[in-house]
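Heads up, the thing below is written out as structure tokens.
The values are calculated or read from the model by the stated rules, or taken from the named source; none is laboratory data. Bear in mind that the values here come from a model prediction, so they are computed numbers and not experimental data. Here Cβ is always computed from backbone atoms with ideal geometry, including for glycine, and neighbour counts include all displayed protein chains. Areas reflect the complete protein model, heavy atoms only, side chains present, ligands, DNA and RNA absent. Shrake-Rupley method; radii C 1.70, N 1.55, O 1.52, S 1.80 Å.
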Amino acid sequence: MAGGRETCLTLIGFILTYLKMVTPEIPTIDQAYSKISNSITVEWTTVPGATSYLLTAEDGDTVIETMVANSPGTVTGLKAATLYEITIRSISAAGRSQASPPKQAKTVLAAPILEVSSPSSDSILVQWEAVYMAIGFSVSIMQANGLGSIWKENTTNTSLTFTSLEAGTLYTVKAYAWNANGIPGDDSTCNQRTSPQAPANIQVSFDSGALKASFSWAPAEGAFNYTVMALSDSSELTCSTTLRSCTISSLQCGTEYLISVLASNDAGSSKSSSAVTLKTVACAPGRVMIQEDPPGHLSVTWSNVDLGDYYVAFVKSDDGLEVHCNTSLTQCNFLSECGFTYFISVFAYNKAGQSPLGDIFNYTTAPCCPSDINPVLVSSDRVEIVWSPVRGAELYETKAVDGYNVVECNDTTPACTLSALECDTKYNITVYSFSEVRGSNMSCTPQFITTAPCSPEIKNVSRDAFSMINVHWRSTNDVATYTVTAQGEKGLYQCSSVGESCTMGGLPCGSVFSVTAVAETQAGRSLPSYSVPLETAPCCPTGLTVTQITQSVINVSWTIGTVAQTHVAVLESHTGQSKCHTHQNHCLLGCITCGINYTVTLKAISTTGLAADCSSQSYFSSACCPLGVKLYRLGPNGIRIYWQASRGSANYSTDLYGSKGIFTCTPSAGLSFCDVAEIPCGDVYTVMVSPVAETGLKLTFCPKKIYSVTCSGSTLGMGKLFFSWIK
């Protein structure tokens, strides 16, 4: 029993010794302190074999751990002005040690959050919110460029004002809070510029012609921008710039402005500079009135204007002569002449210069009558006249009178076109000059002008049997010569007459013409009449050919003529008529009777339906095909072909087509059979009896019959003949 207890104790001791050998040592914290409000720095004695350390900070609510490599180490992410319990563990390959004995440390105060501004050009106001656990604050200020002194103030308030600063200068402000133990917290730093002083030495330059003013001044220290204000009783104008000068446009005439300049930067604006006075030029005089009383004397009056010291009135006539008068009153008198237009303007003057240009007035004396009236164009319904311009005329009134009717035209130019006149009529034409002020000068002399003749009206265009074109028209002219023109792509044709008709010939076929008529007198030519279309008959085709296609069908062909759109072919005999209408150059005519004499005629028709009767020729239709074609044996090796001839006399030709040859026989005139003396047997023959035309052409459209010719006897091909009809 005693031996077992000793063994157990030995084992426990061995385990404790082993654990001591493999577990890292517990480090000891030398000190823990805070220099920044969100962290605590820890220093400790290093432990042999430790590869890293685990720092732990606890405030009762949160636990924050940080892994560090060596002493010292810092725990971050903490709350300001808060007491923390700090422990440390060493870490090696064997594991981590137990926590060290704790040590307490408190984070320093947070930095105050600053709000700075410059209420004036020599002061800066610093404001902040209360800081937790703070009992006082230290605030210092100095120029940002490091020049000058540092001002430092301690306070328990949350605002502080620094005065007696340089205007327009950038300052650096630094502040921190301390706790009851006098320990300072984090500091806060910001920059603030003081606002600039008001600009001095303001200079004004006024441009009277453009009604604008340029301003300049001495620069203000630290100013980023300048604003010029021009104030009057009725308006406020401004301009802004980063330079030392600026221009204000659109100033009012006859106005007194107070000018001031503000300087500004990112801190704010300066106070207004001392105002200077700007007086603009006077406005142009108004209510200008012009009177001619008595004639030859012009009186010009106007109203008084603000800021006007004296006036100058200018009078310029339209020949370029100009006179003027200076006066401190509101009236000037001038001499005038008739037939002139005067342009009058009045200006006011002061020390700033001349007033803007006001309204320019004109005054026109009575105009003179136009001379050298010249008609440049006389037509059936209008007359164009021109004349030299006269002085003082603003408008010309032209009247044309024929005893009953009056035609007028008004224009500002020395020319007039009288339209809507009656043709072939004598007019009394007068041109009056007109002035809006004086009216028309009614003493002008008239002259007489006769209009050109009236246009004839074509009543009828006809053709006679000899292809002559007869044109008839109607006209209301007393005496005139008439010319009729037919114009087309193939030429121009004319005829003339003093009556109401004329005839022209030689117009080509297949053509389209436009026919017009014109009347002519000593006064001129009339307008052409309305055109009447004229179409000549289409040209007839050439090369009319008739070809027999079958016993009852023929083909009529031709060469297409000019303009013709369609053709009508007619085949006519005592037995009847066959007709076709086609747009091609050939036509098939059916129901033809064989052996009959026909008349073939051709007609060409245009797109408008105009027809031309063309060539006609005789055609004899082919003989009728024979009927009852039969074969008869003729001797040992011969055959006779027999048929029934159709009506009329005709020549025929007989053909037998077989594999052993073609055999032909032609009967004597008037016979209806023919013989083939030698024909091989043992073959199938196609037999066709055809009529022969007068030209000798054998017609091949008759029906064919097929016979089988067999042999009787020992010799194949030359024995006795036996034949049978196949079809």
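Hey, what did the chain get for relative contact order, percent, Cα under 8 Å, at least 6 apart?
The value is 5 percent.
Shape of segment 542-618 from its Cα gyration tensor (a ≥ b ≥ c, root eigenvalues): rounded if a/c is under 1.5, otherwise prolate when a/b > b/c, or oblate?
On the way: a/c = 2.14, a/b = 1.88, b/c = 1.14.
Judged from the Cα gyration tensor, segment 542-618 comes out prolate (a/c at least 1.5, a/b above b/c).
What is the magnitude of the charge dipole of segment 289-365 about its Cα centre, with +1 placed on the Cβ of each Lys and Arg, -1 on the Cβ of each Asp and Glu, and no other charges, expressed in debye to the nearest 20?
The dipole of segment 289-365 has a size of about 240 debye.
Could you order the peptides 139-147, 637-645 from most to least packed, using the average number of other C-beta atoms within 10 Å per residue?
Ranking the peptides 139-147, 637-645 by packing returns 637-645, 139-147.
Before rounding to the nearest 500, sum -39500 (n - 2.57) across all DSSP H runs of length at least 4 in the chain and divide by the residue total; then give [θ] at 222 nm in deg cm²/dmol.
-1000 deg cm²/dmol
Quantify, in whole percent, the carbon and sulfur part of the accessible surface of segment 457-536 (1.4 Å probe; protein heavy atoms only). If you can, show how the numbers build up before the last one.
Working: 2330 of 4590 Å².
Here carbon and sulfur together make up 51 percent of the probe-accessible area.
Can you pull the one-decimal nm distance between simple spin-label points at residue 326 and residue 549, each 7 Å off the Cα toward Cβ?
Here the modelled spin labels are 11.5 nm apart.
Which entries in the list 630/704; 279/351; 35/79; 174/271 go over 18 Å, if you measure between the two C-alpha atoms of each?
174/271
Using Stokes-Einstein with the Kirkwood hydrodynamic radius over Cα pairs, what translational diffusion coefficient do you get for segment 28-106 at 20 °C and a viscosity of 1.002 mPa s, in µm²/s rounded to a whole number?
The diffusion coefficient I find is 172 µm²/s.
What is the Å³ per residue value for the convex hull set by the Cα atoms of segment 120-193?
In segment 120-193, the Cα convex hull volume per residue is 84 Å³.
Pairs of alpha-carbon atoms within less than 8 angstrom and 6+ residues apart define the contacts here; what relative contact order does segment 542-618 have, in percent?
Once divided by the residue count of segment 542-618, the mean separation gives 30 percent.
Taking all pairs of distinct Cα atoms, average 1/r, flip it, and tell me the Kirkwood hydrodynamic radius of the chain in Å to one decimal place.
Computed over Cα pairs of the chain, the Kirkwood hydrodynamic radius comes out at 44.6 Å.
Put +1 on the Cβ of every Lys and Arg and -1 on every Asp and Glu Cβ in the chain; which of 366, 41, 548 then has its Cα farthest towards the positive end of the dipole?
548
Restricting to Cα pairs below 8 Å that are 6+ residues apart, what does the relative contact order work out to for segment 289-365? Please round to a whole percent. Show your work: numbers first, answer last.
Numbers: 147 pairs, mean separation 23.6, N = 77.
Relative CO of segment 289-365 lands at 31 percent.
Roughly speaking, what is the stretch gain from residue 43 to residue 166, that is 0.36 nm per residue apart minus the C-alpha to C-alpha distance, in nm to one decimal? Please report the intermediate quantities before stating the final value.
Working: separation 123, 0.36 × 123 = 44.28 nm, distance 4.74 nm.
Extending this stretch completely gives an extra 39.5 nm.
For the pair residue 236 and residue 575, how long in nm is the line joining their label points, each one 7 Å along Cα→Cβ?
So the label points at residue 236 and residue 575 sit 12.1 nm apart.
For residue 498, tell me the accessible area in Å² from a 1.4 Å probe, rounded to the nearest 10.
110
Based on the mean of other Cβ atoms within 10 Å per residue, sort peptides 195-205, 655-665 so the most packed one is first.
195-205, 655-665
With every protein chain present, what is the per residue accessible area of the chain (1.4 Å probe, Å²)?
Details: 39050 Å² over 727 residues.
Ligands and nucleic acids excluded, the result is 54 Å² per residue.
For 186, 675, 319, give me the order by solvent-accessible area with a 1.4 Å probe, most accessible first, ignoring ligands, DNA and RNA.
The most accessible residue leads, giving 319, 675, 186.
May I ask you to compute the full-extension gain from residue 678 to residue 142, defined as 0.36 nm times their residue separation minus their alpha-carbon distance, rounded to one decimal in nm?
177.6 nm
Once the dipole of segment 394-538 is set up with Lys and Arg at +1 and Asp and Glu at -1 on Cβ about the Cα centre, which of 425, 510, 497 lies farthest towards its positive end?
Toward the positive end, the furthest listed residue is 510.
Rg (Å, one decimal) plus Dmax (Å, integer) for the alpha carbons of segment 371-440?
12.1, 38
Using the crude model of +1 on Lys and Arg Cβ and -1 on Asp and Glu Cβ, and no other charge, please compute the dipole size for segment 457-536 relative to its Cα centre, in debye to 20.
I would put it at about 60 debye.
Excluding same-chain residues fewer than 8 positions from residue 603, which lysines have a Cα within less than 30 Å of its Cα?
Answer for residue 603, where 30 Å is the Cα cut-off: 459, 490, 579, listed by chain and number.
On a straight-distance basis, which aspartates and glutamates could pair with residue 698 in a cross-link, Cα separation under 19 angstrom, same-chain partners fewer than 8 positions away excluded?
Of all the aspartates and glutamates, those that pass the test against residue 698 - Cα under 19 Å, at least 8 places apart if same chain - are 655, 675.
Roughly speaking, what is the stretch gain from residue 497 to residue 338, that is 0.36 nm per residue apart minus the C-alpha to C-alpha distance, in nm to one decimal?
Stretched out fully, the residue 497 to residue 338 stretch lengthens by 51.6 nm.
Taking the convex hull of the alpha carbon atoms in segment 200-279, what volume per residue do you get, in Å³?
On the way: hull volume 6.7 nm³, N = 80.
Spread over its residues, the Cα hull of segment 200-279 gives 84 Å³ apiece.
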